[in-house]
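What follows is a single structure, written as C-alpha cells, with notes after it.
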Amino acid sequence: MILSVVWLTILSTKMYYKVSGVTGKLTGATAASAYSPQGLKGTVPSQAPPIIFAVPTKVVSETGSVAHYMGINKVPELQMIFQKTDGAPVHLKRGVMDKMLYRTMMGLTIGGTLYCLMALYIVAQPRKPQ
Amino acid sequence: MAHQAHAYHMVDPSPWPLTGAIAALLMTSGLAIWFHFHSTMLMTLGLVLTLLTMYQWWRDIIREGTFQGHHTPPVQKGLRYGMILFITSEVFFFLGFFWAFYHSSLAPTPELGGCWPPTGIIPLDPFEVPLLNTAVLLASGVTVTWAHHSIMEGERKQTIQSLALTILLGFYFTALQAMEYYEAPFTIADGVYGSTFFVATGFHGLHVIIGSTFLAVCLLRQIQYHFTSEHHFGFEAAAWYWHFVDVVWLFLYVSIYWWGS
C-alpha cells in the first residue's frame, strides 16, 4: 500500500536528475538547477575588458582563415585542368609533360620489343660444334 | 558532349596495358638472357618499363577519380570487390608456401635426420628479433587504424602523423629482417629448411615493401588533399593490404619461427 503511494507520487511529479559531483552517479536535482546547469552558465562578460597593453594584439581573423599544414589545397585547380573539354585522353591531359613521357615510353617499348625478338632469335640458333 | 545514362566508368583508351605486357615479356626474356648469357640489359629495360607503366597507370587512376570525379559509388564498389579479390589471390599464393613448409616439416625424411629442425640447422630464436618484428607489425596495425579514424574525422595533422608512423614502422620491420637475413646461421641452400624459410619470409618481406610503398603514396595524396572524410578508398585499400601483410606475418611467426624451431 505504502509502496503504491510512493510509486504514484513518483509518477505524478516530474523528477529532475543531475550527475553528482561526489559519487559520479545520477541523483535528484531541482528544476532550477536542471534548466540552468552550472557548467553552461555564462561566466564570460559580454563586453570585452579594456585593452591594457600599449599595442593591441592582432585579431585572429587578420592572420588568414585556415592554418595550412604542409601545403595548400591545389585539388580544385587540378580538377579544372582535368575537366577541360579538349578531347584529350586522361594520360595526355596535362599537355607537354604527358606527351614527352608517353613518347619516351612508346619508344622504349617498341625498341625493347625489337631488341628482345632479335636477342631471342640469336640465342635460338644452335651453337657451332667445337 | 555525350552523356552516359549509367553511373559506371568507361575509361579513355590507354596505352599502359600494352606497355605493361611488353615490359613483362622483356623482364622474363631478360631473366633467361641473364642466366645464360650474362647480360642484364634486356631485364633492366623490362624493369624500367614495368615501373614506368605502374607509375603512369596509377597516376591516371588518381586523375580519373580525384580530378575527374569518375569514382561514383557503384564504381567504388567495383574497386572494393577488385581489391578484395586481389588480396584473396595473394592469400592463396602464400597458402602454397605454407603447404610446402608443412609437407616437409610434419614428416621429416631420413635425409634430414628424421627430425625438424633438420640435423645441423640452428634455427633463429623466436623470442628475439622475430618477436620484436611481431610487435612492430602489430603496432603498425594500430597506427594505420588510427590514421583511418583521423581521416574520417577530418583531422589532417593527425592523419599525416599516424600514417607517417605506420610507414616508419614498416621500414623498421624491413631493416630488422634484412639484418636477420644477414646474420642467420643458415642459407637458402641449406636443404628444405633453408628453402622454405627464405622463400616464405622473403616473399613476405617483398609484400611489406609493396605495402609500405602503397602507404607512402597514400601519405603523399593525403598531404595534397586528395582524400575527404567520406571518400578515401585508396587509403582503405592500402590499409586492407597492410592488415593482410600483418596477418601473414603472424602465421609465419607461429608456424616457421616458433613451431618450426
What is the helix-to-structure angle for B:156-183, meaning the angle in degrees between its Cα long axis and the longest Cα principal axis of chain B, kept from 0 to 90 and rounded to the nearest 10?
30 degrees
Alpha-carbon Debye profile of the stretch B:148-254, log10 I(q)/I(0) at 0.14, 0.16, 0.21, 0.24 Å⁻¹:
-0.61, -0.73, -1.05, -1.27
Taking chain B as the reference, fit the longest principal axis to its C-alpha atoms, fit the long axis of helix B:41-62 to the helix C-alpha atoms, and give the angle between the two in degrees, 0 to 90, nearest 10.
40 degrees
Please compute how much accessible surface disappears when B pairs with A, both sides summed, using a 1.4 Å probe, and round it to the nearest 100 Å².
3000 Å²
Residue-wise, which Karplus ³J(HN,Hα) couplings in Hz belong to the stretch B:67-74, taking 6.51 cos²θ - 1.76 cosθ + 1.60, θ = phi - 60°, and x for glycine or proline?
9, 9, x, 6, 8, 6, x, x
What figure in square angstrom, to the nearest 10, would you give for the accessible area of B:L52 with a 1.4 Å probe?
50 Å²
Please calculate the 1.4 Å probe accessible area of B:L106, with all protein chains present, and give it to the nearest 10 Å².
120 Å²
May I ask you to give the percent of accessible area on the stretch B:178-218 that is carbon plus sulfur, with a probe radius of 1.4 Å?
74 percent
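May I have the count of lysine pairs in the protein assembly as shown with C-alpha atoms under 22 Å apart, counting pairs 8 or more residues apart or located on different chains? If you can, show how the numbers build up before the last one.
Numbers: A:K14/A:K25; A:K18/A:K41; A:K25/A:K41; A:K74/A:K84; A:K74/A:K93; A:K74/B:K157; A:K84/A:K93; A:K84/A:K99.
For the protein assembly as shown, qualifying lysine pairs total 8.
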Zone reached by a paramagnetic label modelled 7 Å from A:I81 Cα along Cα→Cβ, restricted to the stretch B:51-94 with backbone N below 18 Å, covers B:55-70
Around A:Y16, which amide H atoms from residues at least 5 apart in sequence, or from another chain, sit under 5 Å from its own amide H, with H modelled in the peptide plane?
A:A29
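Once you have a ≥ b ≥ c as the square roots of the Cα gyration tensor eigenvalues for the protein assembly as shown, tell me rounded if a/c is under 1.5, and otherwise prolate or oblate according to whether a/b is larger than b/c.
On the way: a/c = 2.56, a/b = 1.49, b/c = 1.72.
Oblate, since a/c reaches 1.5 and b/c is not below a/b.
Determine the sum of side-chain charges near B:I223: Lys and Arg each +1, Asp and Glu each -1, restricted to other residues whose C-beta is under 12 angstrom from that of B:I223.
Details: positive: A:K74, B:R156, B:K157, B:R221; negative: none.
In short, +4.
Protein chains only, probe 1.4 Å: how do A:V96, B:V144 rank by accessible area, largest first?
Working: A:V96 105, B:V144 0 Å².
Ranked from most to least accessible, the order is A:V96, B:V144.
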Leaving ligands, DNA and RNA out of it, work out the accessible area of B:V142 with a 1.4 Å probe and give it in Å² to the nearest 10.
100 Å²
Tell me the mean residue ellipticity at 222 nm calculated for the protein assembly as shown from its helices only (DSSP H runs of n ≥ 4, each -39500 (n - 2.57), averaged over every residue, nearest 500).
-21000 deg cm²/dmol
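In percent, how large is the relative contact order of the stretch B:22-108, given Cα pairs closer than 8 Å and 6 or more residues apart?
On the way: 39 pairs, mean separation 15.3, N = 87.
Relative contact order here is 18 percent.
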When the accessible area of the stretch B:1-70 is split by element with a 1.4 Å probe, what percent falls to carbon and sulfur?
74 percent
The stretch B:1-70: relative contact order in percent, alpha carbon pairs under 8 Å with at least 6 residues between
31 percent
If I fit a long axis through the Cα atoms of helix B:191-223 and take the longest principal axis of the Cα atoms of chain B, what angle between them do I get, 0 to 90°, rounded to 10?
20 degrees
On average, how much accessible surface per residue is there in the protein assembly as shown, in Å², for a 1.4 Å probe, leaving out ligands, DNA and RNA?
65 Å²
How well do other chains shield peptide B:60-68, expressed as the mean number of their Cβ atoms within 10 Å of each residue Cβ?
5
Per-residue average of other protein chain Cβ atoms inside 10 Å, peptide A:105-113 -> 6
Rounded to the angstrom and largest first, Cα extents along the principal axes for chain B equal 74, 48, 29
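The values are calculated or read from the model by the stated rules, or taken from the named source; none is laboratory data. Note that this is a predicted model, so its numbers are computed, not measured. All Cβ positions, glycine included, derive from the backbone under ideal geometry; neighbour counts span all protein chains shown. Keep in mind that these areas ignore ligands, DNA and RNA; they rest on the heavy atoms of the full protein, side chains included. Shrake-Rupley method; radii C 1.70, N 1.55, O 1.52, S 1.80 Å.
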